[in-house]
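Step one of this worksheet: look at the structure below.
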Amino acid sequence: MIYAANFKTNHTRKSTENYIEDLQRKLVDKNEEDRVFIFPPLTALDAYEGDFIIGAQNAYPVESGAYTGEVGVEQLAEFNINTILIGHSERRDILGESQEAVAKKFAFFKEQGFEIIYCIGESLEIREQGLEAVIEHLVSQFEGIDTTYENFMVAYEPIWAIGTGRTASVEEITMTHDALKKVVDKPLLYGGSVKGANIAQIAAIDNVDGVLVGGASLKTETFLELVLH
Ligand code: 13P
């Protein structure tokens with residue numbers, strides 16, 4: 001299993017340091033084959049060492065240059081970061097990243113050899129139209145994406161399940177992931193209100209290879225409930 005913690009706009013540099021120190025101590029109990037990723041805010045990036053991988057929640061697809069407010073590969077390289085989240089619904093919907101911009105980012109970071117967690121997901125409106133509409137939408141989010149790139153995985157995060165406490169049902173996740181696996185044969189993470197109370201059920205689904213976690217990842221205790229379940 002893959003366990004990925006997306007801090008979003010939470011935690012400071014200091015609290016991230018404390019978190020990672022605490023996590024590292026307790027990760028000695030995790031299954032060796034499980035992989036843990038932490039995506040802290042950009043201001044908290046550092047060259048942490050341990051049984052986890054630190055990634056960037058976002059970056060601009062450049063080495064360096066005149067892009068006020070953005071960071072490029074040069075800034076990430078300082079901390080040996082070569083893992084990135086691309087296409088998160090919050091970036092698409094709140095920050096206005098188009099599919100074209102997302103695809104450009106993907107192509108750039110692929111060229112750099114980054115490990116990419118590529119996020120897709122549908123709105124409630126689309127989910128209410130049924131599975132076929134959902135899959136059609138999810139497939140459209142692969143437009144311009146090289147799905148043969150070996151160093152990437154997909155995170156399916158239904159927007160209506162993010163931060164709402166409303167997890168997709170086992171049936172919804174199963175059917176969506178089964179359909180997605182036929183489109184992209186890559187590790188598939190589920191995200192959306194994953195927590196201690198539902199991890200066993202979600203992790204037991206065949207085509208769920210891991211989870212991408214927001215709220216429940218913010219404290220080591222609740223994140224470890226997932227990693228060590
Ligand atoms: P929550 O776990 O808070 O629902 O967030 C999911 C998510 O968006 C992770 O990227």
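Every number here is computed from the coordinates shown, using simple stated rules; none is lab data. None of the values given here were measured: they were computed from a predicted structure. Quick reminder, even Gly has a Cβ in these numbers, built from the backbone with ideal geometry, and neighbours come from all protein chains shown.
Brief remarks follow.
- Members of region 3-30 found to be more than 17 Å from Ala56 (Cβ to Cβ) and touching a strand residue (DSSP E or B) at 6+ places or on another chain (Cβ under 8 Å), listed by number: Tyr3, Leu23, Leu27, Lys30
- Region 158-177: number of residues that are within 26 Å of Phe114 (Cα to Cα) and either more than 12 Å from the ligand (Cβ to nearest atom) or out of contact with any helix residue (DSSP H, G or I) (no Cβ under 6 Å at 6 or more places or on another chain) (or both): 3
- Subset of region 82-99 [away from the ligand (no atom under 16 Å from the Cβ) and under 15 Å from the mean Cα position of the chain (by Cα)]: Asn82
- For Val102, the criteria (1) within 16 Å of the ligand (Cβ to nearest atom); (2) under 21 Å from Val211 (Cβ atoms); (3) assigned to a helix (DSSP H, G or I) hold in every case but one, which is (2).
- For region 16-32, the criterion of a residue being assigned to a loop (DSSP other than H, G, I, E, B), out of contact with any Leu (no Cβ under 8 Å at 6 or more places or on another chain) and within 25 Å of Thr222 (Cβ to Cβ) is satisfied by at least one position.
- Within region 41-57, the set of residues being crowded, with 19+ Cβ neighbours inside 10 Å and free of Cβ contacts under 8 Å to residues at least 40 places away in the same chain comprises Ala44, Leu45, Tyr48, Phe52, Ile54, Ala56.
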